[in-house]
Amino acid sequence: MNISERMKRVMQSEGAAIAQMAQFPQGQYDDVVNLLASCKGKIVFMGVGKSGHIGKKLAATFSSTGTPSFFVHSTEACHGDFGMIERQDIAVLISNSGNTREVTQTIPFLKNIGCKTIALTSNIDSDLAKGSDLCLLIPKTREADDLDLAPTVSSTVTLALGDAIACTLSTMKGFNRNDFYKYHPGGALGDSLHKEGHDV
């Protein structure tokens, strides 16, 4: 198999997993979206490793589309960063396996704070899914690398699901181009919106 064929196979694997998730959505999607839409605080994404990187990107996307959010590293939370989280916030805990210790150990402390928790995982029987208030499921599929180890397909579908929720929330809130410009005045996007006549 040549280089382009290998690359194509990886992209096809990730695309197929997204298509599967879109065709057969699982988990408490409506309940999760409605809970997030009613949030009086901020959405807090939490995770470690590649899931942490996805959480950072989702926090940025949610924030720029009208849903104030931020990321807290699950390990750092246990060393003082729980102080960033308040009762009116909602924590989205990301772990493909649902049993990542650094993530699951945050649940009792988040409950002590009083905020709601949402699991984002591929394992409905995991400690994370069972311990959280609500659960979003991603397809349990093979990763795209030959070893079936590197977070590739799992991280891509997690990102896609998060983007879908962010865009849905944005639409529900009536978020418009002028609102987007308020949060994104810089770069090519900001320039194009400014030329349209949008202002802060």
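Considering only residues in the stretch 61-103 that are of a type in the set (Val, Ile, Thr) and farther than 30 Å from residue 181 by Cβ, the one that is surrounded by the fewest Cβ atoms within 10 Å (Cβ to Cβ) turns out to be 75.
Those residues that are at pLDDT 95 or above and among the small types (Gly, Ala, Ser), I need them from the stretch 20-42; list them, please. Of everything in the stretch 20-42, those that are at pLDDT 95 or above and among the small types (Gly, Ala, Ser) turn out to be 37, 38, 41. Looking at residue 47, is it small (Gly, Ala, Ser), at pLDDT below 95 and within 15 Å of the chain's Cα centre (by Cα)? The answer is no for residue 47.
The combined condition, being within 30 Å of residue 9 (Cα to Cα), of a type in the set (Ser, Thr, Tyr) and either within 17 Å of the chain's Cα centre (by Cα) or crowded, with 23+ Cβ neighbours inside 10 Å (or both), is not fulfilled by residue 117. Whether a residue is part of a loop (DSSP other than H, G, I, E, B) and within 17 Å of the chain's Cα centre (by Cα) was assessed, and residue 55 does not pass this test.
Every condition in (1) in contact (Cβ under 8 Å) with a residue 40 or more places away in the chain; (2) not in a strand (DSSP E or B) holds for residue 46 except the one numbered (2).
The residues of the stretch 12-51 that are closer than 26 Å to residue 77 by Cα and aromatic (Phe, Trp, Tyr) amount to a single one, 45. Scan the stretch 5-43 for residues that are in contact with a Leu (Cβ under 8 Å, 6 or more places away or on another chain) and not in a helix (DSSP H, G or I) and report the count. Total satisfying the criteria: 4. The number of residues in the stretch 165-200 that are touching a helix residue (DSSP H, G or I) at 6+ places or on another chain (Cβ under 9 Å), within 27 Å of residue 31 (Cβ to Cβ) and without any contact (Cβ under 8 Å) to a residue 24 or more places away in the chain comes to 0.
The values are calculated or read from the model by the stated rules, or taken from the named source; none is laboratory data. Everything numeric here is computed off the predicted structure, so don't read it as measured data. Cβ sites come from the backbone with ideal geometry, for glycine too, and all protein chains shown count toward neighbours.
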